[in-house]
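What follows is one structure encoded as structure tokens, with my remarks underneath.
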Amino acid sequence: MKKILVPCDFSEPAIQAFRFALDMAAQSKATVHLFHVAEFPIISDPAVMPVINLEEDLFKNILANSAKEFAAITSQYSQEGVTVITETEFGTPARTILDYILNQSIDMVVMGSHGASGLREMLIGSNAEKIVRGSTIPVLVLKNYKKGPIKNIVFPNTFETDHQEDLVMKIKELQNFFQAKLHLVWINTPVNFVSDSVTMGRLHDFAKRYMLKDYTVNVFNNISEEGGIIKFTKSINGDMIAMGTHGRQGIKHLLIGSIAEDVVNHTDSLIWTYALKDELVH
């Protein structure tokens with residue numbers, strides 16, 4: 001892991017994400033890219049003043065304010081030995097961030113989130129959700145900075161077969177990076193209920209197949225998968241939830257949704273996600 005991207009809107013969650021990314025970079029000797037996306041206002045009324053002059057002034061002011069904010073954040077939180085690159089671009093936040101990931105060959109995204117709920121979630125979701133859905137690399141979402149070791153990583157298992165190997169390899173790398181214990185869990189719900197004996201056997205087979213180390217296998221009952229993941233994580237004092245996600249868009253996303261995205265929006269735990277390759281949004 002050589003390049004960590006932190007999308008930054010200068011909010012408190014973004015600053016918390018930057019602090020966590022610095023800790024990771026100090027351990028992995030990575031460079032942190034602190035990246036701000038400004039949505040440039042288009043003013044086309046010549047009665048106000050010449051459009052080009054107004055837009056140039058706005059452009060300069062936004063860049064100057066962004067540089068000032070970057071300076072304040074980096075002077076307060078930067079760590080010795082960690083290189084931080086700051087950059088501002090104009091565009092739509094989610095799309096511009098996804099393009100930056102590809103153009104700069106970023107290895108991981110660490111981003112803060114306010115979460116989303118109610119009508120706002122149904123209509124537009126959160127930028128974090130859009131990045132989770134569209135990123136080609138792992139995305140770690142957090143709402144609060146947590147100093148200290150990551151000891152317990154929860155891995156909700158769906159027993160899907162497509163591209164599971166790629167996901168598990170990424171999670172094993174994550175576990176190794178933090179030197180954490182991995183907790184495999186199947187969430188039993190009324191809709192997808194499977195007897196414990198069958199599920200435990202499948203979980204043990206899964207762990208053996210992928211040669212997992214330092215892990216536990218668990219079955220947890222709850223009315224919903226999302227709620228079960230969150231409650232199980234709390235029950236074991238989990239520090240992080242690691243999940244595969246399916247990129248979906250439009251009506252398909254509205255009707256089916258994604259458990260990973262729901263968890264991102266509704267928990268304060270650290271969430272690590274990795275999009276399965278055949279499901280990425282293009």
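Computed from the coordinates by the stated procedures, all read-outs in this text should not be read as laboratory data. Values in this document were obtained by computation on a predicted structure and should not be read as measured data. Cβ coordinates were reconstructed from backbone atoms using ideal geometry, including for glycine residues, and neighbour counts include every protein chain displayed.
What is the local net charge at residue 33, summed over the other residues whose Cβ is closer than 9 Å to its Cβ (Lys, Arg +1; Asp, Glu -1)?
0
Give me the extension gain from residue 107 to residue 221: residue separation times 0.36 nm, minus the current Cα-Cα distance, reported in nm with one decimal.
Numbers: separation 114, 0.36 × 114 = 41.04 nm, distance 3.51 nm.
Computed gain between residue 107 and residue 221 is 37.5 nm.
What's the FRET efficiency of residue 147 with residue 10 using the Cβ-Cβ distance as r and R₀ = 25 Å, to the nearest 0.05? Approximately 0.75, to the nearest 0.05. Extending 7 Å from Cα along the Cβ direction at residue 2 and again at residue 65 yields two label points whose distance is 3.6 nm. Estimated from the Cβ-Cβ distance and a Förster radius of 25 angstrom, the FRET efficiency linking residue 77 and residue 39 is about 0.50.
Taking amide H as placed 1.01 Å from N in the peptide plane, residue 90 has its amide H under 5 Å from the amide H of 38, each at least 5 places away in sequence or on another chain. Spin-label model, residue 236 to residue 191: label points 7 Å out along the Cα-to-beta-carbon direction sit 2.3 nm apart. So, R0 is 22 Å and r is the distance between the beta-carbons of residue 173 and residue 209; what FRET efficiency does that work out to, to 0.05? Taking R0 as 22 Å, the efficiency between residue 173 and residue 209 is 0.80.
If Lys and Arg each add +1 and Asp and Glu each add -1, what is the summed charge of the other residues whose beta carbon sits under 15 Å from the beta carbon of residue 84? Walk me through the numbers on the way to the answer.
Working: positive: 2, 3, 19, 29; negative: 23, 69, 80, 87.
That works out to 0.
The amide H of residue 275, built 1.01 Å from its N in the peptide plane, has 245 as neighbours under 5 Å, considering only residues 5 or more places off or on other chains.
Each other residue within a Cβ distance under 10 Å of residue 152 adds +1 if Lys or Arg and -1 if Asp or Glu, for a net charge of +1.
Amide H to amide H, which residues 5 or more places from residue 221 or on other chains are under 5 Å from it, using H placed in the peptide plane? Distant-sequence amide H within range of residue 221: 188.
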